[in-house]
Amino acid sequence: MASPQPTDAHLRIAHTLLEEIAMRDFSKRQRSIIDLVLRLSWGCGKKAWMYDGYADFEAVGVYRNVVSEELQYLERNRVIKWFPEHRIIMFNKHFDDWTIARKKKTSSEHMKKLVNNSLQNIEVTNVLLSTLLQNIDANNESLSETTKNMTSDNEKYDGDNSSNSCGSKSKEGSKESLLNKSFKISSSTNEIHTEIGINDTVSEEEPELNEMELAFRRVEEKMIAKTGRMYYLKGEEPKNIHSFLLSGGTVDMLLAAIDEAFEQYQPRYPNDKITSINYCLTFAWKKLERSRAIGNGKDAQAMPVRSHPQPRQRRNNVVPMVDKLPASVQWQLEQQSVPMNTDEPKTIDDYPELKAMLESLRQKKKQVT
C-alpha cells in the first residue's frame, strides 16, 4: 500500500502560487501539463524541463496530437515559456503576468479566511480524526494496517503545529517544523538556485520506450534531417504511421520512402516543400504493395490450360457477359481486312441494270417537261 511520508522527496512551491493555480480557469489537460512541467522541472532541481517528444505528455493522459495546441495556448497567456526548437518548457511563477481569467466565484479573501480557520482548529481536527480512525479500526479489522499508517503520519505532522504550516504571519513559536528541516539544502554541489524554490534532486531513469514510440522518434529524426528544422508528429500522422506498421510495413521501409519522396519531389513554386509525413506515406504504401506483389508472384502457381472452352451458363435470368465485339464493328473490321481492288475504274456500261434505270428516269423527265 502506498504510504508517502513528509520526509520523502517532494516539490516545494509557494502557497500563493498553488492557490493561484487552483483559482485560474485551466482545463483538465492544461492543468495536467502544468503539473507535469512542475514535477519534471522544479521537482528535479531545474528551472525548465527538456522533453523528448509529445509522447512524453501521455504519461499524464494528454494525447500527443493536442500537446502543441495546448502549449501554444499556455505560452500565449504567459503561463509558460516554450522553446519548441529546443524542446524546453519553463513555468512562469510570476502569476501577475498570466492572462488567463480566474474561475467564477473565486475570491482571495475567501481563501484567506479558510486558511485562518484551518490554523485555528488544528488540535480539534487532529483529535477528531484520531477518534474516527480508532472507531474504524475497532469495527473493521481489515483496515488496521491502513489506520496505523495514517496515525503515524498524523503524529509526524503534529510536530509542525507550532510552526507556520499554512503560511500565517503569526509571531508565535519559532520552532522549526519537521517539514522545513527536510527542506534544507546543503552547500554542496547539489545546491539549487533560490529562484527555483525546490530541493528535490532525486534522479529518475528515463522510462523505456515501446516499439511504436521508437518508430515515431526515428521518423521525427529522419524528417528533421531532411527538412533541416525541428519536426514533430501532429494531427493524424501518428495514427497513419501506426496503420502502416500494423499492415505489414517496417520502419526501415518508411525511412526509405522518406528518402525517395524527397529525392523525387518537384517544387511547384520557390517555397514549395514537403511539410508532412503523410506525403511520404504514399511512397511507403507503394513500396509495401510492390513487396506484396513480388511475394505473391513467387508463390503463385500456373493456371491450368483448358482443352475445351466451358459454355457459359445463365443464372437468375441474367445474360452472361461475352467478350465479343458488336456486329457493326465486326463487319467494319472484316471490310478493312479485304484487299482493295486495284483494277481500272468501271463505267455505267458495265452495269446493265443501273443503265436501264437511268434511261427510264431520263424519259420520265422529258415527259414531264
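The values are calculated or read from the model by the stated rules, or taken from the named source; none is laboratory data. In this text the structure is predicted, and so the values were computed from the model without any measurement. Note: ideal-geometry Cβ built from the backbone for every residue, glycine included; neighbour counts use all protein chains shown. What goes into the accessible areas is simple: the full protein's heavy atoms, side chains included, and nothing from ligands, DNA or RNA. Shrake-Rupley method; radii C 1.70, N 1.55, O 1.52, S 1.80 Å.
Summary table
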| item | result |
| --- | --- |
| Where a residue in the range 72-100 is under 15 Å from Arg31 (Cα atoms) and its partner, wherever it lies, is among the small types (Gly, Ala, Ser) and open to solvent by less than 60 Å² (accessible area, probe 1.4 Å), with Cβ under 7 Å and at least six apart | Ile89/Ala48; Met90/Ser41; Met90/Ala48; Phe91/Ser41 |
| Lone unmet requirement of (1) in contact (Cβ under 8 Å) with a residue 40 or more places away in the chain; (2) open to solvent by 90 Å² or more (accessible area, probe 1.4 Å); (3) touching a helix residue (DSSP H, G or I) at 6+ places or on another chain (Cβ under 9 Å); (4) of a type outside the set (Asp, Glu) for Lys47 | (3) |
| Matching residues, the range 53-66, being surrounded by 17 or more Cβ atoms within 10 Å (Cβ to Cβ) and either closer than 16 Å to Leu38 by Cα or over 11 Å from the mean Cα position of the chain (by Cα) (or both) | Asp56, Phe57, Val62 |
| Residues that are β-branched (Val, Ile, Thr) and open to solvent by 100 Å² or more (accessible area, probe 1.4 Å), drawn from the range 345-369 | Val368, Thr369 |
| Positions within the range 25-70 being of a type outside the set (Asp, Glu), under 25 Å from His242 (Cα atoms) and assigned to a loop (DSSP other than H, G, I, E, B), in sequence order | Tyr51, Gly53, Gly61, Val62, Tyr63 |
| Residue match in the range 265-278 (condition: part of a helix (DSSP H, G or I), surrounded by 12 or more Cβ atoms within 10 Å (Cβ to Cβ) and modelled with pLDDT of 85 or more) | yes |
| Check on Ala22, among the aliphatic types (A, V, I, L, M), at pLDDT below 95, open to solvent by less than 70 Å² (accessible area, probe 1.4 Å) and more than 20 Å from Trp82 (Cβ to Cβ) | yes |
| Residue tally, condition charged (D, E, K, R) and at pLDDT 70 or above, over the range 325-345 | 1 |
| Qualifying positions in the range 236-264 - open to solvent by 40 Å² or more (accessible area, probe 1.4 Å), in contact (Cβ under 8 Å) with a residue 12 or more places away in the chain, in a loop (DSSP other than H, G, I, E, B) and within 27 Å of Val66 (Cα to Cα) | Glu236, Ser247 |
| Qualifying residue in the range 72-81 (condition: aromatic (Phe, Trp, Tyr) and under 21 Å from Arg217 (Cα atoms)) | no |
| Options Tyr63, Tyr54, Tyr73: the member that is over 19 Å from Thr99 (Cα atoms) and out of contact with any Leu (no Cβ under 9 Å at 6 or more places or on another chain) | Tyr63 |
| Count of residues meeting criterion [under 30 Å from Tyr51 (Cα atoms) and either touching a Gly at 6+ places or on another chain (Cβ under 6 Å) or of a type outside the set (Lys, Arg) (or both)] in the range 91-127 | 10 |
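Results for (1) among the hydrophobic types (A, V, I, L, M, F, W, C); (2) over 25 Å from Phe57 (Cα atoms), shown as yes or no for each residue.
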position: Ile224; (1), (2): yes, no
position: Tyr232; (1), (2): no, no
position: Phe244; (1), (2): yes, no
position: Asp252; (1), (2): no, yes
position: Ala256; (1), (2): yes, yes
position: Phe262; (1), (2): yes, yes
position: Lys273; (1), (2): no, yes
